[in-house]
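Participant: One structure is given below, represented as structure tokens, and several questions about it will come after.
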Amino acid sequence: MKMVEEEEVVIVGAGIAGLATAVALKRLGIRALLLERAEGLRATGAALTLFSNAWVALDALAVSHKLTSIYSPVKRGLVTNIQTGATQEMSFTTAGPRSIHRKSLLETLANELPIDTIRFSSKVASIETQTQENSPITIIHLSDGTVVKAKMLIGCDGVHSVVGNWLGLAAPVNSGRSAIRGLAVFPQGHGLNHEVRQFVDVGMRAGFVPLSDKDIYWFFVNQSPPNGENFSGNPELIQRELLENYGKHLPPLYLDVVRHCDLSTLTWAPLMFRKPWDIMFKKLRKDNITVAGDAMHPMTPDLGQGGCSALEDAVVLGRHIGEVLITKNGKLDSRDIGEAIDGYVKERRWRVTWLVVGSYLSGWAQQGGSNWWMKFIRDVVFYRFLFSKFFNAALYDCGKLPSVSFSSESKSSSKID
């Protein structure tokens with residue numbers, strides 16, 4: 001006999017988007033159940049850089065201070081052309097980005113939630129919808145036979161989203177490029193300045209940024225090799241191929257960082273993105289079901305906005321739910337959820353479409369061909385004029401979560417009826 005559970009809100013995926021969305025809902029007094037297929041919090045990618053728009057979102061979630069006290073902002077970036085040796089300097093005139101351990105962000109968000117919020121080893125097998133008393137109900141079937149009924153379902157389950165697929169979103173496409181990422185550890189300290197270093201060549205971009213006095217996050221992006229899938233799951237092979245083949249022409253400083261990599265953090269993966277017209281014109285909501293983060297808008301990492309935009313999603317969705325909640329004095333009918341989701345989708349659609357396009361074009365410009373006009377676009381047009389404009393995307397303000405305070409009659413919980 002199948003076990004049937006009933007929940008107010010179910011979020012699929014306990015990554016950045018899922019955890020942040022659960023925190024946003026908690027601030028509104030709404031409990032969410034997080035279903036995560038992995039056995040624990042996943043920290044694939046080792047680290048990420050959060051720009052000012054992400055810190056605005058973390059402020060809204062009331063957790064930013066727990067990270068800014070640990071990680072310092074980056075004030076300067078250096079980009080070196082491998083062929084010419086020329087180096088261009090970029091200064092971050094506004095509040096500089098902060099590169100942080102991905103695990104630290106996930107744990108900070110998870111620690112804000114009740115202990116029973118996240119259910120690990122929970123893989124979604126199928127999704128269906130029903131109508132009960134003229135209100136939509138989502139039924140989630142798990143691979144272990146458990147059935148969960150929810151009044152709202154939010155898919156935060158990444159690039160290959162089960163929820164996104166159910167909504168009818170086309171699968172993300174391969175950009176033709178791939179990335180190697182890792183975390184280098186220097187037990188005695190690395191002694192480097194706290195600045196971003198990048199090295200560009202035809203069809204290739206590499207770089208690193210210190211996270212602390214001992215840890216350095218590094219990456220290598222190039223055109224995907226024909227046998228790239230053989231690298232997956234074999235960190236020793238990935239490191240050797242990078243040092244002896246794909247990156248052997250890079251400066252000794254960079255190669256030394258790669259040699260110090262903690263192999264448990266080293267990954268290789270193709271860079272995927274969703275076609276912008278799919279985001280613009282496909283359904284991002286059906287009944288009380290929607291998506292956020294990479295489940296909605298997977299993008300290449302060239303603007304550093306993947307994690308940042310996921311945090312934005314969480315606050316914007318929470319804000320729209322909170323605004324409807326206030327108009328209903330704390331009693332949110334499941335039929336009202338559609339109104340909140342519509343507002344969220346309308347606000348996010350253009351923003352994330354632009355981020356996907358901007359990220360793709362940024363990668364194309366930085367890793368273009370060897371002919372003179374591509375060099376001109378990269379070295380003159382992009383880095384001197386367009387780089388700062390692209391990164392103005394980081395100046396976005398996702399807003400704040402509304403303060404929900406209701407009368408004693410309705411304060412027992414912010415409940416979805």
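The values are calculated or read from the model by the stated rules, or taken from the named source; none is laboratory data. These numbers were taken from a predicted model, which means no experiment stands behind them. Don't worry about glycine lacking a Cβ; one is built from the backbone with ideal geometry, like all the others, and counts go over all protein chains shown. Heads up: the accessible areas ignore ligands, DNA and RNA and are worked out on the full protein's heavy atoms, side chains in. Shrake-Rupley method; radii C 1.70, N 1.55, O 1.52, S 1.80 Å.
Participant: Just one of the numbered conditions (1) under 20 Å from Ser104 (Cβ atoms); (2) outside any helix (DSSP H, G or I); (3) hydrophobic (A, V, I, L, M, F, W, C) is not true of Ala17; which one?
Facilitator: All conditions are met except number (2).
Participant: Within the stretch 82-103, track down each residue that is modelled with pLDDT of 85 or more and more than 12 Å from Thr49 (Cα to Cα).
Facilitator: Scanning the stretch 82-103 gives Ile82, Gln83, Thr84, Gly85, Ala86, Thr87, Gln88, Glu89, Lys103.
Participant: Further, regarding this structure: Against the definition (open to solvent by 10 Å² or more (accessible area, probe 1.4 Å), closer than 28 Å to Trp268 by Cα and among the aliphatic types (A, V, I, L, M)), how does Ala46 come out, yes or no?
Facilitator: Yes; evaluated as a whole, the condition is true for this residue.
Participant: A further question follows. Does Pro97 count as touching a residue at least 24 places away in the same chain (Cβ under 8 Å), closer than 24 Å to Asp313 by Cα, surrounded by 14 or more Cβ atoms within 10 Å (Cβ to Cβ) and in contact with a Pro (Cβ under 8 Å, 6 or more places away or on another chain)?
Facilitator: So Pro97 fits the description; yes.
Participant: Also, quick follow-up: Using the structure shown, decide if Gly304 is open to solvent by 10 Å² or more (accessible area, probe 1.4 Å) and of a type in the set (Gly, Ala, Ser).
Facilitator: Criteria met by Gly304.
Participant: Looking only at residues that are touching a Lys or Arg at 6+ places or on another chain (Cβ under 6 Å) and polar (S, T, N, Q) in the stretch 123-154, which one is most open to solvent (accessible area, probe 1.4 Å)?
Facilitator: Per the criteria, the residue is Ser143.
Participant: Tell me which residues, restricted to the stretch 107-129, are closer than 15 Å to Val162 by Cα and either outside any loop (DSSP other than H, G, I, E, B) or in contact with a Pro (Cβ under 6 Å, 6 or more places away or on another chain) (or both).
Facilitator: Correct list: Val124, Ala125, Ser126, Ile127, Glu128, Thr129.
Participant: Right, another one. Name every residue in the stretch 320-336 that is open to solvent by less than 80 Å² (accessible area, probe 1.4 Å) and either within 18 Å of Ala295 (Cβ to Cβ) or in contact with a Ser or Thr (Cβ under 9 Å, 6 or more places away or on another chain) (or both), in order of residue number.
Facilitator: Those that are open to solvent by less than 80 Å² (accessible area, probe 1.4 Å) and either within 18 Å of Ala295 (Cβ to Cβ) or in contact with a Ser or Thr (Cβ under 9 Å, 6 or more places away or on another chain) (or both): His320, Ile321, Gly322, Leu325, Ile326, Asn329, Gly330, Leu332, Asp333, Ser334, Asp336.
Participant: A follow-up question, please. Does Gly293 qualify as being within 22 Å of Leu58 (Cα to Cα), open to solvent by less than 10 Å² (accessible area, probe 1.4 Å), in contact with a Pro (Cβ under 6 Å, 6 or more places away or on another chain) and not hydroxyl-bearing (Ser, Thr, Tyr)?
Facilitator: When the stated conditions are applied, Gly293 does not pass them.
Participant: Do any residues in the stretch 144-159 that are at positive phi and of a type outside the set (S, T, N, Q) have Cβ atoms under 6 Å from those of residues that are open to solvent by 10 Å² or more (accessible area, probe 1.4 Å) and not in a strand (DSSP E or B), where the two are at least six apart or on different chains, and which pairs are they?
Facilitator: Gly145/Lys2; Gly158/Asp294
Participant: Return the residues of the stretch 79-94 that are open to solvent by 60 Å² or more (accessible area, probe 1.4 Å) and in a loop (DSSP other than H, G, I, E, B); say none if nothing qualifies.
Facilitator: Gln83, Thr84, Thr93, Thr94, listed by residue number.
Participant: Restricting attention to the stretch 57-66, does a residue exist that is surrounded by 19 or more Cβ atoms within 10 Å (Cβ to Cβ) and closer than 13 Å to Gly307 by Cα?
Facilitator: yes
Participant: On to the next question. Filter the stretch 155-199 for residues that are crowded, with 19+ Cβ neighbours inside 10 Å and part of a helix (DSSP H, G or I) and give the result.
Facilitator: Result: Val162, Val163, Gly164, Trp166, Leu167.
Participant: OK, next. Arg76 fails exactly one of the following numbered conditions: (1) open to solvent by less than 30 Å² (accessible area, probe 1.4 Å); (2) out of contact with any His (no Cβ under 6 Å at 6 or more places or on another chain); (3) closer than 26 Å to Phe92 by Cα. What is the number of that condition?
Facilitator: Exception for Arg76: condition (1).
Participant: Okay, moving on. Tally up the residues in the stretch 237-253 that are within 28 Å of the chain's Cα centre (by Cα) and under 12 Å from Asp201 (Cβ atoms), please.
Facilitator: Final tally of qualifying residues: 2.
Participant: All but one of (1) free of Cβ contacts under 8 Å to residues at least 40 places away in the same chain; (2) assigned to a loop (DSSP other than H, G, I, E, B); (3) of a type in the set (S, T, N, Q) hold for Ser104, so report the exception by its number.
Facilitator: It is condition (2) that Ser104 fails.
Participant: Quick check on this structure: which one of Leu35, Leu109, Leu113 is in contact with a strand residue (DSSP E or B) (Cβ under 8 Å, 6 or more places away or on another chain) and crowded, with 20+ Cβ neighbours inside 10 Å?
Facilitator: Leu35
Participant: From the list Gly158, Gly189, Gly168, which one is more than 26 Å from Arg274 (Cβ to Cβ) and not aromatic (Phe, Trp, Tyr)?
Facilitator: The match here is Gly189.
Participant: Report whether or not Ser403 is modelled with pLDDT under 85, among the polar types (S, T, N, Q) and over 30 Å from Val202 (Cα atoms).
Facilitator: Criteria not met by Ser403.
Participant: Give me the residue from the stretch 231-252 that is within 22 Å of Ile82 (Cβ to Cβ) and without any contact (Cβ under 8 Å) to a residue 24 or more places away in the chain and, out of that set, surrounded by the most Cβ atoms within 10 Å (Cβ to Cβ).
Facilitator: Residue satisfying both the conditions and the ranking: Glu241.
Every residue, every condition in (1) surrounded by 23 or more Cβ atoms within 10 Å (Cβ to Cβ); (2) out of contact with any helix residue (DSSP H, G or I) (no Cβ under 7 Å at 6 or more places or on another chain); (3) in a helix (DSSP H, G or I); (4) touching a residue at least 12 places away in the same chain (Cβ under 8 Å), yes or no:
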| residue | (1), (2), (3), (4) |
| --- | --- |
| Met272 | no, yes, no, yes |
| Met299 | yes, no, no, yes |
| Asp313 | yes, no, yes, yes |
| Asp342 | no, yes, yes, yes |
